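The values are calculated or read from the model by the stated rules, or taken from the named source; none is laboratory data. Note that the structure is a prediction, hence the values are computed from the model and not measured. Note that each Cβ is placed from the backbone with ideal geometry, even for glycine, and that neighbours are counted across all protein chains shown.
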Amino acid sequence: MRYPAFDRPHPVTPMRRADRLFNLVLLLNRKRAVTARELAEALHVSERTVYRDIADLSLSGVPVEGEAGVGYLMRGHYQLPPLMFDADELAALVLGGRMVQGWSDDELGRAAERALLKIEAVLPEPLKRRMARPALLVPDFHVPPAMVEPLGLLRRAIADQRKLRFAYTRADGEASTRAIWPLGLFFWGMTWTLGAWCELRGEYRSFRPDRMADLTMLDEGFDSQDGRLLEEYIRVASAKV
């Protein structure tokens, strides 16, 4: 299991111990047992360091449970005190928010704007000024409106596990009507694709939103098997590359 939030290419600058413990708590708070090896890979430290850090967290009162060789997790609903962002973390958040605003649907874009406003409201003045003058810009003119307009409905169908029906035109001009199980949305820099199980073809397929017409969310639901269907789609899609 990879952890993108903390996964960086080697070599990496050693993390301050306080930051490492903070990130360790974040990883343990993900509602599933995490092995020492996974934690070590995510934090770029040895498993021995992970064992020592977990022991120190337990002694300080953080409710960690588990054992070496099995896995660790956070017991109950432990909440971290709020911490201030550093300049690079702030730049990453602003860049991500601007990407969502420029490359996604209007509803998600407005949510990103609200999130950035909440972040800005709690920043000290030096970081507020830095946030107001971002050097990392996100042009949005390269993503056609037809590509992003259906994304709101697609996102809701994925979240609610509801089937979709639409008319679809492939790149070669072949047209058909599809009923699908929507599993996940993927952005490729210029285009979005929807990963899904296609009832017509009886297999996993990818669909571009700008080639859909008469898009309808059906009352009929489907079982995503707690994300396992998406994992299987990714496995099948990766094998075709």
When segment 204-241 is checked residue by residue, the ones that are within 20 Å of the chain's Cα centre (by Cα) and loosely packed, with under 12 Cβ neighbours inside 10 Å are GLN225, ASP226, GLY227, ARG228, ARG235, SER238
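Does GLU174 fit the bill of being assigned by TED's automatic domain parsing to the domain that holds ARG235, among the acidic types (Asp, Glu) and surrounded by 13 or more Cβ atoms within 10 Å (Cβ to Cβ)?
Here the answer is no, as GLU174 does not meet what is asked.
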Name every residue in segment 138-151 that is surrounded by fewer than 16 Cβ atoms within 10 Å (Cβ to Cβ) and in contact with a Leu (Cβ under 9 Å, 6 or more places away or on another chain), in order of residue number.
-> VAL138
Which of the residues spanning segment 88-110 are farther than 27 Å from ASP19 by Cα, within 15 Å of the chain's Cα centre (by Cα) and surrounded by fewer than 18 Cβ atoms within 10 Å (Cβ to Cβ)?
-> LEU108
